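The values are calculated or read from the model by the stated rules, or taken from the named source; none is laboratory data. A quick note: this is a predicted structure, and the numbers were derived from the prediction, not measured. Note that we place each Cβ from the backbone using ideal geometry, even for glycine, and neighbour counts take in every protein chain shown.
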Amino acid sequence: MTAIAPPVASAQRVRARPDRGRQGWVRRAPLLPALIFTIIVTQLPFLLTLWYSLQSWSLVRPGSEHFVGFANYVAVFQDSQFWTTALNTVIMTVGSVLIAMLLGIGLALILDRKFIGRGIVRTLLITPFLVMPVAAALTWKTVMLDPTYGIVNWVLRPLGIGQFDWIGQVPLLSVMIEMIWQWTPFMMLLVLAGLQSQPKDIVEAAGVDGAKPLGIFRELTLPHLRRYIELGFVLGAIYLINEFDAVYMMTQGGPGISSANLPFYIYQRAFLGFEVGQAAAMGVIVVVMTIIVATFALRLIFKSFSGTEQAA
Amino acid sequence: MMARSITADPELTTPAPKRPAVRPKRRRNNTWVGILGWLLGILFFFPVLWMVITSFKTEAQTYTSTPSIVFSPTLEQYKTVFDSGIWPYFANSAFATIVSTFFVLLLATPCAFALSLRPVKKTRDVLFFFISTKMLPIVAAIIPIYIAARDLHMLDNIFTLVILYTAMNLPIAVWMMRSFFLEVPGELLEAAEMDGAPLRRTVTEVILPVVAPGLAATALICCIFAWNEFFFAVNLTATQAATVPVFLVGFISSEGLYFAQLCAAATVATLPVILAGWVAQRQLVRGLSFGAIK
């Protein structure tokens, strides 16, 4: 623990030792409001979800709830739609994170070089991330990807693609395009932060020694960026696994459930199907899945976190 | 040391004077890199630009198979949007954003203080706890939240959103504020303590001036997230407390008919955050990586 706690912290802890007890509570007091608030608002619902997942309960029939044990979980595991949407979630999350990261690395490498108007280009590039997701999804659905009036098809017309119905034919891909567009700037910013923390003199020395740019990138830059790229992967995955806005606005999960992911499917089950028990069981399953990803994430964040502090 | 929050600016951290001899070849390369950079920047920005351009068209100009680039701009769509009653949604969004951000800072600042400058035992566990709440999918919590709100007669109530947005942004703010507090020079604190200054004066006169930019950056990040939030808003509000993203949903039902008007509404909804984000762009990474990266 002391290895991770910042130097300031350990120094003060030594001094704090003699006056424990009341002094400890004085120190702890500023922390408590935030902690208690967070526990109540975020943890209580999850415990309730766990409880609901063991009930048979329909929102439209008040008083219908009764304990059914693991029946909801059995039903969920036998539900082929659940597996389809689970697979969609994996494809959307992994695909979008990977492509956004590749694009992000490319853009960050460009922004790391000096050129005229670099600040403006950087500002242009981060803008997609700032656009309200609902507005972004609407824009992509209509003026960008509309089969007849969308500008994408107009640009692709010389290639003979004509009036391709993106949302109807490749709904999953269309949603992913929107997600990648929104998340590439995030990856770019992380990688750029990594590039700019790289000691320039080593790279230059390697250049003087006659190393080829590609060799420098593979042998020096990429290993240095690894931490930032990993962080981008896990943070991106955590945010994107919960993607709801784009699916809701662009396809409503359709046609059928071909572009629905788990958050959207759970929403449908709970608020359109009124099946509280089953939706809760799915929620619990998603939580378990997320915890697996999050365990990696937490470890990584703390590693990079203590890393920057040591560097500071 | 104090300058570090400012030098998060990569333009400044790039040690320009350390690279005196730029070889001619490198310079020519950079011209091409610059052109590529500009092209890609415009490409990525294009959907936003197209949204804004379309918002100044008439509906007839929108429905042409060859997009009209040259046209006489009209404010007709904006007039329709503002006449169609976007204001209550705007007011709700502004209220939920500002009030939740206020509460976030109110709760997060002392908490981050306790976790950095006056660390308590189990600092690490508490930090872990905060960040882990951010990683649990909201969709798994929405059902109990909905039922609780219904039973407390808090559905379609703006304060429900305020509470949820506060909880949503609190972990980010705690982590961000902590990373700013850790930048307060230790010598400054010790000097203040040596002079026997009371804690309140140390906080207001030594710590606050140093973390003030951080406080502003944290507030901006929280505002961006609260303003853009959709999932809670669409599930927990109806007519009274609906926010701007919920207003935009109305356009998917009238699908395909009013592209220009839709773009005007989307532009109005998006503009505040784009501007805030441009201002806060240096701190964006820090907020998004929970302070892990500066």
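Somewhere in the range A:240-258, is a residue touching a residue at least 12 places away in the same chain (Cβ under 8 Å), among the hydrophobic types (A, V, I, L, M, F, W, C), outside any helix (DSSP H, G or I) and surrounded by fewer than 22 Cβ atoms within 10 Å (Cβ to Cβ)?
Scanning the range A:240-258 turns up at least one residue that is touching a residue at least 12 places away in the same chain (Cβ under 8 Å), among the hydrophobic types (A, V, I, L, M, F, W, C), outside any helix (DSSP H, G or I) and surrounded by fewer than 22 Cβ atoms within 10 Å (Cβ to Cβ).
Looking at (1) of a type outside the set (Lys, Arg); (2) crowded, with 24+ Cβ neighbours inside 10 Å; (3) farther than 30 Å from A:VAL170 by Cα, which is the one condition that is false for A:ILE120?
(2)
Out of A:ILE301, A:ILE266, A:ILE291, I need the residue that is modelled with pLDDT of 85 or more and facing another protein chain (nearest Cβ under 9 Å). Which one?
Values: A:ILE301 fails: modelled with pLDDT of 85 or more; A:ILE291 fails: modelled with pLDDT of 85 or more.
From the options A:ILE301, A:ILE266, A:ILE291, the qualifying one is A:ILE266.
Answer with yes or no whether B:MET168 is closer than 22 Å to A:GLU243 by Cα, among the aliphatic types (A, V, I, L, M) and facing chain A (nearest Cβ under 7 Å).
Details: closer than 22 Å to A:GLU243 by Cα: yes; among the aliphatic types (A, V, I, L, M): yes; facing chain A (nearest Cβ under 7 Å): no.
It is false that B:MET168 is closer than 22 Å to A:GLU243 by Cα, among the aliphatic types (A, V, I, L, M) and facing chain A (nearest Cβ under 7 Å).
Enumerate the helices (runs of 4 or more DSSP H) found wholly within the range B:175-277, keeping only those where 2 or more residues are farther than 22 Å from B:PHE159 by Cβ. Before the answer, list the steps.
Working: elements: B:186-194, B:208-228, B:231-236, B:244-253.
Filter on the range B:175-277 gives B:186-194, B:208-228, B:244-253.
Scan the range A:94-104 residue by residue and report those that are within 13 Å of chain B (Cβ to nearest Cβ) and either crowded, with 23+ Cβ neighbours inside 10 Å or not in a helix (DSSP H, G or I) (or both).
A:ALA100, A:GLY104
Of the conditions (1) surrounded by fewer than 18 Cβ atoms within 10 Å (Cβ to Cβ); (2) among the hydrophobic types (A, V, I, L, M, F, W, C); (3) more than 28 Å from the chain's Cα centre (by Cα), A:TRP57 clears all except one; give me its number.
All conditions pass for A:TRP57, except number (1).
Return the pairs, sorted by first residue and then second, in which the second residue is charged (D, E, K, R) and outside any helix (DSSP H, G or I), the first residue lies in the range A:30-55 and is more than 8 Å from chain B (Cβ to nearest Cβ), the beta carbons are less than 8 Å apart, and the residues are 6+ apart or on different chains.
Short answer, once both residue conditions are applied: A:GLN55/A:GLU65.
Looking only at the range B:181-205, which residues are touching a Lys or Arg at 6+ places or on another chain (Cβ under 9 Å) and touching a residue at least 60 places away in the same chain (Cβ under 8 Å)?
Residue satisfying the conditions is B:GLU183 alone.
Determine whether the range A:110-117 contains at least one residue that is over 30 Å from B:ALA260 (Cα atoms), touching a Phe, Trp or Tyr at 6+ places or on another chain (Cβ under 6 Å) and among the acidic types (Asp, Glu).
The initial filter retains those residues of the range A:110-117 that are over 30 Å from B:ALA260 (Cα atoms), namely A:110-117.
Within this subset, residues satisfying the condition of being touching a Phe, Trp or Tyr at 6+ places or on another chain (Cβ under 6 Å) are none.
Within the range A:110-117 (the criterion being over 30 Å from B:ALA260 (Cα atoms), touching a Phe, Trp or Tyr at 6+ places or on another chain (Cβ under 6 Å) and among the acidic types (Asp, Glu)), the answer is no, since none of the residues qualifies.
If you check A:ILE91 against the conditions, is it in contact (Cβ under 8 Å) with a residue 24 or more places away in the chain and aliphatic (A, V, I, L, M)? Explain how you work it out, then say what you get.
On the way: in contact (Cβ under 8 Å) with a residue 24 or more places away in the chain: yes; aliphatic (A, V, I, L, M): yes.
In short, yes.
Scan the range B:107-122 residue by residue and report those that are facing another protein chain (nearest Cβ under 8 Å) and at pLDDT 80 or above.
So the first thing to find is which residues in the range B:107-122 are facing another protein chain (nearest Cβ under 8 Å), and the list is B:107-108, B:110-111, B:113-121.
Hits for the range B:107-122 are B:LEU107, B:ALA108, B:PRO110, B:CYS111, B:PHE113, B:ALA114, B:LEU115, B:SER116.
Inspect all residues belonging to the range A:109-128 and state whether any of them is over 30 Å from A:GLU204 (Cα atoms) and either more than 7 Å from chain B (Cβ to nearest Cβ) or touching a Lys or Arg at 6+ places or on another chain (Cβ under 7 Å) (or both). Write out each step before concluding.
The initial filter retains those residues of the range A:109-128 that are over 30 Å from A:GLU204 (Cα atoms), namely A:127-128.
Imposing the further condition that a residue be either more than 7 Å from chain B (Cβ to nearest Cβ) or touching a Lys or Arg at 6+ places or on another chain (Cβ under 7 Å) (or both) reduces the set to none.
No, the conditions are met nowhere in the range A:109-128.
From the set of residues in the range A:168-216 that are in a helix (DSSP H, G or I) and among the small types (Gly, Ala, Ser), which is nearest to A:ASN242 (Cα to Cα)? Working first, answer last.
Step one: list which residues in the range A:168-216 are in a helix (DSSP H, G or I), which gives A:168-169, A:171-196, A:200-208, A:213-216.
Within this subset, residues satisfying the condition of being among the small types (Gly, Ala, Ser) are A:168, A:174, A:193-194, A:205-207, A:215.
Numbers: A:GLY168: 23, A:SER174: 17, A:ALA193: 25, A:GLY194: 26, A:ALA205: 44, A:ALA206: 43, A:GLY207: 44, A:GLY215: 38 Å.
Applying the filter and picking the extreme gives A:SER174.
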